[in-house]
Every structure is written in structure tokens, then in C-alpha cells.
Amino acid sequence: MIVDLGHSMLLAAFIVAAVGTIVPLMIARRSTLLSLRFAQINGSFLLFLLLGSFLSLAYAFMTSDFSLKIVTLNSEASEPLIYRLVALWGNHEGALLLWIVTLTLYVVLFSFSGRGIATHQDRTRMLAISSAILWVFLLFMLWTSNPFETLKVTPHKGLGLNPILQDPSMTFHPPSLYFGYIGFVIPFAMGVGFLWRGHFKKEHAHWMRLWTLIPWSFLTFGVTAGSLWAYYELGWGGWWSWDPVENASLLPWLASTALLHAIGSYRRTGSLKLWCLFLSLITYLSSLLGTYITRSGVVASVHGFAKDEQRGLYLLSFTALLAFLSFLLFAIRAYRMRSNSAVIYPTLSSFVTLNIYGFLFVSLVLIIGTLYPVFGEATVTESFFNTSINPIALAALFLMGLATFVKWKPAPLWPLLRTRLLPLNIGLLVIAILMYQETLEKNAENLIGIFALGFSLWVLIASAMAWVKKRAHSMMLAHIGFAICVIGMSSDALFQEEGTLWLGAGESDTFAGYTFVLENIQQNEASNYINEVATIGVFNFKGETVATLKPETRLYGTKGALVSKTAIAQRYWAHLYVVLGPMLETGQRSIRVFYHPLVMLIWLGGGLMSLAGGVGLLGYLRRRSSYNEVRASSNAPRFLRV
Amino acid sequence: MKKSVARRLTLTIVLVTLLSGSLYLVMQNFRDNLVFFFSPTEILETPDKASKRARLGGMIQKGSVEIVSKEEHRLRFVVSDFNEEVAIEYQGFLPDLFREGQGLVAEGYFDQKRHVFIARTILAKHDATYMPPQVEQALNKHHGKDSLAQGVQNLQGEVSR
């Protein structure tokens, strides 16, 4: 009953979304205020319908209503409630519904934003554009992947959730990624709206920054959480493998980060105006491309649970059409809307320009490397991404160091740098010390790692100093987060150790200065799986117990799937990471061990960057009221001047 | 005015050189890092192509896993696409999903003299029901859907046992 209601609400939403796209544009000829109000009310009604539909689906999962196809395929009554709910977005159809609900939420919130910044007409157009995209997604869902599809015969048992997804992080990792990905529809609609109108003022850019910052923070958080999940759940010992889906989430992150930088430059100097508009288009299009890569399963990936060629084709044609139309509009308007201010070297704007080129370059490398397997029978190895992207990232890190003191106005670099030499010297000292370490092999990869470590220390200290002086809070905080992240990445890359131990019960072996003893292996039974738990004692050179690790292997009955659970112990600033392998004829088990120094800084830094986005939002809300006064007074602090 | 035009020109030239230079490097890098996928049938047809770096995928044949060297923990097993079979030698950690009858993708090279594929890594970033799409394709190519179904059946038998 409730499920039927949800299904009808979804069908009604399809019509309401179509009305929301067309009618406001028609009314706008008469009264722009009326059309805006209509769009607001219509959007809110649409949100109500979709939320109702989403909740009824959640209800179906909670009560294990196996008459629905996706409930049967993805959940099981014996699973804990939390995993029955996670199953809601652990499958293509449910995820798409969550996707659409999120999109609607963004559109509704956006419809109440922008009073006094953009005209009613501009706002109506932007709402119509985002509603049109929403409508296309609804069509896509009803056509190819209706979550309310029923089975002819109602089974007694469900197949259960993919065991690899049965992890607490699945409660927040996919939704936060969606809040990121999807939110970029707003800057896109703004970009198209302003191009349509033919103007883009600095206060418009300021407004666009708000709506880029929100999804950016969520996306940063989502990517960080995804990497953490891959680290402890997939059990291959790393935190990033350039998997197609990881790359898909990185593409919009790169573009939106470039967009935020371009907006900063335009607001303060008037340069890079067209870049702002262009990047606002690119950001959303790359997010759509990412959706295509994830949803169609064109490329083999750990997220292989969503594959369907028809869906892929639909998404790809939609992305291509949207790209064609928006680029055409950009090409028509660009010359007329160009900015009068050129980028002068050496100012922050010139560094932002270089930064944008860097980001686009990395995106290109990602696209080539990710999509190549679609066209050829070959795969691109991880080292392609590492060797192509790391040098660029190193250069970007260097620019970040300079950005702590370079100004928006042209000024010679050296006198400015001379007053801030301490952080740079610390970084260089660390580089020098590492270069003299004979145990470190000096190959290209390690050299990049050494320089990255030094530069990131420089960025960290210099940005922290600027942050304490209350300059550009959110930007400096984000840069601090990035530097911490890179410190984690590079020290892990430089000093990581890995090995394989072969242990029978009671046997021991040494690794990274610790002695590992396999004490016993026990078999247990839980509600929806059986498992083997190994107890491994870790001792230091004095023979004292340092940690007891309990890696697991689980066999999930419903899907007959084996899943390894890693065990991780914190030891000073490092992780000892253990994965259990299968038993051999000799009676020994292969156990994979890793020593990951400072690896947790990666996620700490990522979290800090996401937090920095939030700080930026608070700053926006605080400044919004005194916006005009600040703009008028020229002796306001440099980064507050807008 | 003239000065700014000159400046812009220099900046553009520098950027274009940098971009094309790095693009060239990337393309070179790209060529070096391509790894082709082979099924056992393909690798026996064209062993030359796999003599440096390749990926080999197939089903691990039942009863084929043997220990070559106990001290070095060197293993030897056979993968098949239900048409041809190739022996793989591997030394190192085995992922838990390494089971007889299970699909597998190994990266390494084909030793033509000994007729053995020497694996450096065994790719294991997936769960047990996952079949590498390349394996699926290779299996389909040689035997159609039936052998695939049979493979899956083997796999399920293995798991329930």
C-alpha cells in the first residue's frame, strides 16, 4: 500500500518536473516575480513528492517487502536494520532515486537564494535549466531503472546486500559523494543563465562561489571517506588505486577546485571572468561523465555492481547533448562577455591561471587513462597515472607555497619572499636531510616524494602562519588540509613497507622490526555470515606485546561471497596493517603485512579541507550582510575586499 | 599597451610549449604503461606479445595448485578458458579469494622457454562473485555462454563446499 503510494508519487513527480521546466518560462513574459514564485512552489511540491517516494522505498527495505525487485536482489530480512537501509542506495535504482531527491533538494534551496544579486528573470531561467536536467533524470529512471519494479512471484528470501558494502561507512560515504556530484548542477545552471543573459558581474561570481563551495565540501568529504573505505575494507594495502570510479569522483573535484580559484581571482581583480563561466560548465559536465563511468560499468572497476549498456548510452548521449549546447552558447557569448583586465605576472591571478591549466591537464590525463580501455583491449597501469600526475601536483604544491605571500596586485616576488623565508627553509632542510639518506633509493618516484614532503611542510607552516594572522581563513585552512594530506601521501610512499608472512599456528616471523606470532584461528558464526578470526600477537624487539591484531575472513551465506576484513593497529604515527590469506597444503596461512607511516594524515587532511569549505560558507553568510560596505571601503583587509 | 601585448604573447608561447611538451611526455608514458589482456588461448597463439608485460585471465583449474618450493613459497597452478591451459608461477601473498575454480587475473610476463607465465601480482580488488569482465569475454568468445554458466556453477560448488 505504502509502496504503491510511493510509486504513484514518483509518476506524479515526473509531470510536476515537466511543468516546473516549461511553465515558469511562459509566465516570465508577463511577470518575472510571479514566475519565480511559481518555480519555488512547484519545486517544493516536487521535493515533497520525491521525498515521499524515497521514504516509501525505505519502508519497503525496512519491512523486507520482497515483492519489489530491488529489495529482493539487495537485502535479506536477517541483516541488521542499518544494512537493510544501506541497501537502499547500494543498488543502481535506489541510488538513482537518492540522486534525484538530492538534486531536487538543491534546486529548491537554490530557488530561495539570490535575492538582490540576480534579477527574477535570471533566477527563473536558472531554475528552469536545473528543472530540465532534473526532468531528464526522472525520465531516465522511469525508462531504464524504475526502483518500484515488482516481481511476478514474491520470494520468501532476499539475496542480501553485497557483503563488501556491509560496512558502517556506507551510511555516509555515498550520500556525501552525491551531495557533492549533484550540487554542481547549480553552478552549471548559473553559468548557462548568465551566458544566456550576457552578463556576469563580480557579485554574481560571489554568489556562484557559495553554490560551488557547498557541493565541493561534500565531494571532498566523500572522496576522502571513499579512500578510507578502500584502505581498510578492500584489503589490498593501499588507499588509492586510480580505479575508474575513484577517477570519476576526482574529475569534478579538480574542475570545481579550479572554479573556486578562478572565482577568487575574478572577484578581486576582474580577470579570468570567462574562465569562471567555462569552468562552471566543465565542472558539471565532468560530474556527468563521472556518473556515466560509474553507472554504465563501461570500465571494469571495484564498483562493478552497476552495469548496463542501455543506461550508459542514455547517460552518454545526455552528457554529449548538454556539452554541445552549453559550449555552443559559450562560444557565441564569450567574445562579447570577455573581461577587460588582463592577467599580469607575477600576481596571484597568474598563479591561479597556471593552476587552472594544471587542473585541466590532470583531468585530461585522468580521462585518457580511464576511458582508454573502452576503445582498446589494453589496460593502463597505475604507474601511468602516478608518473603523469605527480610532477604536476608537485608544481601545484610549489605554487601553493608562493600563494602564501604573493599578492593580487603586481609586486616583485623576492622582497616579499625574503620576509617569509623561514617556512621555505624548513622545507628545504627536510629535502636536504632526505637526500642524504642512503637507505632511500633515489629513483624518480622517490625524488618526487622527497620534494613533495619538503614543499608540503613549507605550505603547511607558511599557510598556518598566515592563518594565525587571520588572512583568508577558508583558503589557508584548505591549503593546510591539502599540505597535511600530501605529507601523509608522500611519507607513506617513501617509507611504506610491505611483506608476506607464512605462518602456521604458533609460528612467528619478523617484519618492520616487529615479531608477528599467529596465536590461533577461531571460527565463529554471526547472524548473516560465518567467519574465521586469526589472533596475531605483535611484539617489539624487547619482547613486549605491542598489539593484538584480529584479521578476519567472512563467508556470507546468501551470496556465497568471501570477504576479508583487515586488522589495523596504531603504532606511534604508523599503522600496522594485516590481511589474512588462504591456507596452503603446508598448513601455513599467507598473511600480508604493511607498515604505513603517517598514512592517517591523508584522511585528516581531506577532512580539514572539507571543513575549510564549511568555514568559507560561514564567512560568506557573515559577509553577505555587510557586503556593500566592505566593497566600498578600500582599507578593508586584503582578502576581505570583494 | 604594446608592452602588455608582448607580455601576453610570451605567456602564451611559454604555456603552449609547456603544454605540448608535457602532453608529449604523457603520451610516451602512456605507451610504456599499456598492459594488454590475454586469455590462455590468445597467449599461446601469440606468445611474443606477452613476453614483456601482460595480464592473463582465466579460471584456476581444480587440483592444479602445487607448491614448487616450500622455502620460497613459490606456487604453480593452471588457468584455463575451457579451451587452452597455461601454467602460472607465482611467489608472494595470495589474496583470500584465490580458490580453485575461481576466476583470476594475473599480471606478469610469459616465459617462452619454459612455457610458463611468471606472475608478479595477482589482482584481487573484488569480491568472490565477481568475474573479471575480460575473463567473461574471453570465456564467451571461446565457448559461448554455456561454459560461463558452468564456470559459475563450479565457483558456487567451491564456495558451498
| query | Under the Kirkwood approximation applied to all pairs of distinct alpha-carbon atoms, what is the hydrodynamic radius of chain A in Å? | reply | 26.7
| query | Cβ under 9 Å from A:Thr347's Cβ, A:Thr347 left aside: what net charge do those residues give with Lys, Arg +1 and Asp, Glu -1? | reply | +2
| field | Label-point separation in nm, A:Arg115 to A:Ser31, each point 7 Å along Cα→Cβ | value | 1.7
| remark: Partner shielding of B:15-27, taken as the mean number of other chain Cβ atoms within 10 Å, equals 3
| request: Just order A:486-493, A:181-188, B:17-24 by mean Cβ neighbour count inside 10 Å, highest at the front, would you? | output: A:181-188, A:486-493, B:17-24
| request: Bin width 5 Å, alpha-carbon pairs only: give the P(r) of region A:385-452 as whole percents, running from 0 to the bin holding the largest distance. | output: 3, 14, 21, 19, 17, 13, 8, 3, 1, 0
| said: Summing both sides, how much accessible area is buried between A and B? Use a 1.4 Å probe and give Å² to the nearest 100. | reply: 3900
| remark: Once both label points are put 7 Å beyond Cα along the C-beta direction, the A:Glu498-A:Tyr232 separation in nm becomes 2.0
| remark: Judged on accessible area alone, 1.4 Å probe, highest first, A:Asp509, B:Asp111 line up as A:Asp509, B:Asp111
| What part of the accessible area of the protein assembly as shown, given as a whole %, is carbon or sulfur when the probe is 1.4 angstrom? | 62
| query | Taking only DSSP H segments of four or more residues, each worth -39500 (n - 2.57), what value at 222 nm results for chain A once the sum is divided by all its residues, to the nearest 500 deg cm²/dmol? | reply | -21500 deg cm²/dmol
| remark: In this structure, among A:Lys273/A:Lys469; A:Lys201/A:Lys273; A:Lys273/B:Lys3; A:Lys407/B:Lys3; A:Lys407/A:Lys469, pairs with alpha-carbon gaps over 18 Å are A:Lys273/A:Lys469; A:Lys273/B:Lys3; A:Lys407/B:Lys3
| task | State, to one decimal in nm, how far the label point of A:Leu321 lies from the label point of B:Thr121, with both points 7 Å from Cα in the Cβ direction. | result | 4.0
| Amide H of B:Lys62: which non-local residues (sequence gap of 5 or more, or other chain) have their own amide H closer than 5 Å, using H built in the peptide plane? | B:Gly101
| Förster radius 45 Å - calculated FRET efficiency between A:Leu416 and A:Phe172, Cβ distance, rounded to 0.05 | 0.60
| request: Just tell me, in residue order, which DSSP H segments of chain A are both 24 angstrom or longer along the helix axis (alpha-carbon based) and at least 0.5 in mean Kyte-Doolittle hydropathy. | output: A:2-27, A:32-62, A:92-111, A:120-144, A:273-296, A:309-337, A:348-375, A:382-403, A:444-468, A:473-495, A:600-625
| A:His199 to A:Leu440: extension gain in nm, 0.36 nm per residue of separation minus the Cα-Cα distance? | 81.2 nm
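The values are calculated or read from the model by the stated rules, or taken from the named source; none is laboratory data. None of these values were measured; they are calculated from a predicted model. Neighbour counts are summed over all protein chains in view; Cβ atoms, including those assigned to glycine, are modelled from backbone coordinates with ideal geometry. The protein model used for the area step is the full one, side chains on, heavy atoms only, and it has no ligands, DNA or RNA in it. Shrake-Rupley method; radii C 1.70, N 1.55, O 1.52, S 1.80 Å.
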